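Q: Take this structure, written in structure tokens, and hold onto it; I'll ask about it next.
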Amino acid sequence: MNNTVFLVGHVGKNPEVKVFDTGKKLAKFSIAVKEYSANLEQPITEWFDVTAWEGLAVRVQKYITKGREVVLTGRLSQSTYTTEKDGVKMQITKPVIKLTGFHLCGKKPVSKEDSPVAEINESKPRKKSA
């Protein structure tokens, strides 16, 4: 069986892109996925970290923005790191989606710069006609 996951969610913040000395690119971002259940009054929001390399990282940087709804295809992986809190070292393991493809869904989120309200407010006042 193949390790493939499909997630539909909203991007939490704009992707961070890192370019290594070798020239390879890595894009990282997270998505919020809502889980609905008849037993719950409110949906539960799960957050997933997503990584993309090379050409896919370039596409992520170009098209994926905060608030955008996306459908992701990827492989489920784990990231393990050590952190320290109050003098106690802890090992943290969390799921990470290694992106293999994505599709943009829904409307593009409107930023303040793109907002029609911003255009109206920034336009020059009209002269009154006599």
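The values are calculated or read from the model by the stated rules, or taken from the named source; none is laboratory data. Being a predicted model, the structure only gives us computed values, none of them experimental. Glycine gets a Cβ as well: all are built from the backbone with ideal geometry, and neighbour counts include every protein chain shown. Note: accessible area is taken over every heavy atom of the protein model, side chains too, but ligands, DNA and RNA are not part of it. Shrake-Rupley method; radii C 1.70, N 1.55, O 1.52, S 1.80 Å.
Q: Between GLU69 and THR100, what's the calculated FRET efficiency when r is the beta-carbon distance and R0 is 25 Å? Round to 0.05. Intermediate results must be reported in sequence, preceding the final value.
A: Values: r = 19 Å, r/R0 = 0.74.
Once rounded, the FRET efficiency stands at 0.85.
Q: Quote the accessible area belonging to PHE48 in square angstrom, nearest 10, computed with a 1.4 Å probe and with ligands, DNA and RNA left uncounted.
A: 40
Q: If I model a spin label at GLU54 and GLU16 as a point 7 Å from the Cα along the Cα→Cβ vector, what separation in nanometres do I get?
A: 2.4
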